2 protein chains.
Amino acid sequence: MNLRKLGEDRLVKLLTGGWKNSVRTLVGVGDDCAVLRGEKAGGSYLFKTDAIVENVHFTAKTPPALVGRKALARALSDIAAMGGEPVAGLVTLGLPPQTSVRWIRSVYRGLTALAQRYEVDLVGGETTQAPVCWINMVLWGKMRGAKPVLRSTAKPGDLLWVTGRLGKTQQRHHLTFLPRLEEGQWLARSGWVTAMMDLSDGLGADLPRLARASRVSYRIEEKSVPRRPGASYFDACQEGEDYELLFTTLPFVAKKLRTKWPFSTRLTCVGEILKRQQPAQGLPSHSGYDHFQQR
Amino acid sequence: MNLRKLGEDRLVKLLTGGWKNSVRTLVGVGDDCAVLRGEKAGGSYLFKTDAIVENVHFTAKTPPALVGRKALARALSDIAAMGGEPVAGLVTLGLPPQTSVRWIRSVYRGLTALAQRYEVDLVGGETTQAPVCWINMVLWGKMRGAKPVLRSTAKPGDLLWVTGRLGKTQQRHHLTFLPRLEEGQWLARSGWVTAMMDLSDGLGADLPRLARASRVSYRIEEKSVPRRPGASYFDACQEGEDYELLFTTLPFVAKKLRTKWPFSTRLTCVGEILKRQQPAQGLPSHSGYDHFQQR
């Protein structure tokens, strides 16, 4: 059996199924970030690793500053999905020896500029030889005035929401998106949100993950899903790299949430959470991106 | 200009020279681990990323359990070099789609076994497509009853020490070594150690790094450097992957250190720290491993 046959979700389950953690780990494998117990009562830290690879997540034609930017922005999106605040980051670069120093400097310039914008300290990293370029970004974050929002805590009856619009991400959006950090932090502090994750592999792959983690089902209203200009419903579910927030709230807060929402970012209720026994409704079948099965 | 011409140390300096960090970062780029301020007064966390790549750090013939073991052991060696204790880890895997699931499971088995031995919680990770296999290991650690020992704090007159023996690492040692965690923690708590790092690129590359970081020079006694059977002095300085501790102590503690040392691990004084103006003595020239210049 090889990876193409097995697929990513089953691989992760197979590999990490036997992991047993100590009381220091509040949330291990399976959420957007790991959550570790802090020194103070109730305090917790977030911990995330994420990699981008040449010819998978970017190409030789991608402007290098946007490659560096993307490496950090993706990991920030996972911190956002917990409602957290990024603190410090580590960068590992795999590089062929013939890589031009000019290219690498531009990658770092893009990465550093975004780090400054979000006040992330870049505290170290590593360079190693590799046959193609890849960048692994690690973030350490914390929660400020809120508990981390997990993807495993949605309940039947909750409403389903997304930020922004979905689909048509491959032209520019996957390189230039803004991680929804302020939105995620605000949602975590609101106390209305019951579960949250970021959309990186498309609604079609990520919503079923949230549902599995929460042991629930869902109903999506096709018409309500906000799309980028030119995106079909299938695109919006399947393309991935939206880096928007997918979250659930208590059912009675819809009006308050819309009224108090302080951001220009679009906010849309796209469906609801059903009981586990009910059939999932509204997603096109076979949508969403699998890292080993689709390319 | 490409990487082969520039070399690794100059690349890192070029890329990270402009990084500016907040007060939350106690030690940024340039030591074995980054050091972040903890919540409690005087408390600190360690933060480390490290990658191994197929055909650079292992081959298709390497037993996969030892590949996984090595990925974690290398990062543990960096935690050891600060005198720290590992707490939690993240794993990122880059994998070609045709990789066999059996191979990956063995990699994880080796990694998980070592994690259990050192009580490291594996709390998450990521898998992504890549043209060759690579494993990026991230560790989060803490200090228990000691301050982190840096590589930048050696003083003229200090004695230079190494643990274990050096050289002839490429047959088995680079896959089976034990990270010097207990030794590093003991040394940090002793209060006698003035600077420390781990030997990953060979004494010939790593001692000059310690000297540059501390703004000092050094004298090594060739005869005193402990070697593995069959290793020449050049091998001992040049091969790399020793994963032993290189450290300096106050000059007057040599006898006490030897008497109190509670480990079976060999402990050898190999030289002393000189003033910056004095010429470095005793290392063969052009020794030590550079990731971009030598292969």
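Are any residues in segment B:107-119 within 11 Å of chain A (Cβ to nearest Cβ) and surrounded by fewer than 22 Cβ atoms within 10 Å (Cβ to Cβ), and if so, which ones? Please lay out each step first, then the result.
Start the filter on segment B:107-119 by keeping residues that are within 11 Å of chain A (Cβ to nearest Cβ), which leaves B:107-109, B:111-113, B:115-116, B:119.
Answer for segment B:107-119, where residues must be within 11 Å of chain A (Cβ to nearest Cβ) and surrounded by fewer than 22 Cβ atoms within 10 Å (Cβ to Cβ): B:Arg109, B:Ala113, B:Gln116, B:Glu119.
Where in segment B:193-295 are the strands (runs of 3 or more DSSP E), entirely inside, with at least 1 residues that are closer than 27 Å to B:Lys70 by Cα and at pLDDT 95 or above?
B:193-199, B:244-249, B:267-274
Results for (1) touching a residue at least 60 places away in the same chain (Cβ under 8 Å); (2) more than 18 Å from the chain's Cα centre (by Cα); (3) within 11 Å of another protein chain (Cβ to nearest Cβ), shown as yes or no for each residue.
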{"residue": "B:Val12", "(1), (2), (3)": "no, no, yes"}
{"residue": "B:Gly17", "(1), (2), (3)": "no, yes, yes"}
{"residue": "B:Asp31", "(1), (2), (3)": "yes, no, yes"}
{"residue": "B:Lys40", "(1), (2), (3)": "no, yes, yes"}
{"residue": "B:Val56", "(1), (2), (3)": "yes, no, yes"}
{"residue": "B:Gly68", "(1), (2), (3)": "yes, no, yes"}
{"residue": "B:Gly84", "(1), (2), (3)": "yes, no, no"}
{"residue": "B:Gly89", "(1), (2), (3)": "no, no, yes"}
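Here is a check on your reading of the model: is B:Ala81 over 21 Å from B:Gln170 (Cα atoms), hydrophobic (A, V, I, L, M, F, W, C) and out of contact with any Asp or Glu (no Cβ under 7 Å at 6 or more places or on another chain)?
So B:Ala81 fails the test.
Would you mind finding the one in B:Gly124, B:Gly184, B:Gly191 that is on the phi > 0 side of the Ramachandran plot and either surrounded by fewer than 20 Cβ atoms within 10 Å (Cβ to Cβ) or within 14 Å of the chain's Cα centre (by Cα) (or both)?
Just one listed residue meets the conditions, B:Gly191.
Give all pairs with beta carbons closer than 8 Å in which a residue from segment B:210-237 that is closer than 21 Å to B:Thr265 by Cβ meets a residue that is of a type in the set (Gly, Ala, Ser) and open to solvent by 40 Å² or more (accessible area, probe 1.4 Å); count only pairs at least 6 apart in sequence or on separate chains.
Once the first residue is closer than 21 Å to B:Thr265 by Cβ and sits in segment B:210-237, no partner that is of a type in the set (Gly, Ala, Ser) and open to solvent by 40 Å² or more (accessible area, probe 1.4 Å) comes close enough.
The values are calculated or read from the model by the stated rules, or taken from the named source; none is laboratory data. These figures come from a predicted structure and were not determined experimentally. Using ideal geometry, Cβ is built from the backbone for each residue, glycine included, and neighbour counts are taken over all protein chains shown. The area values use the complete protein model at the heavy-atom level, side chains included, leaving out ligands, DNA and RNA. Shrake-Rupley method; radii C 1.70, N 1.55, O 1.52, S 1.80 Å.
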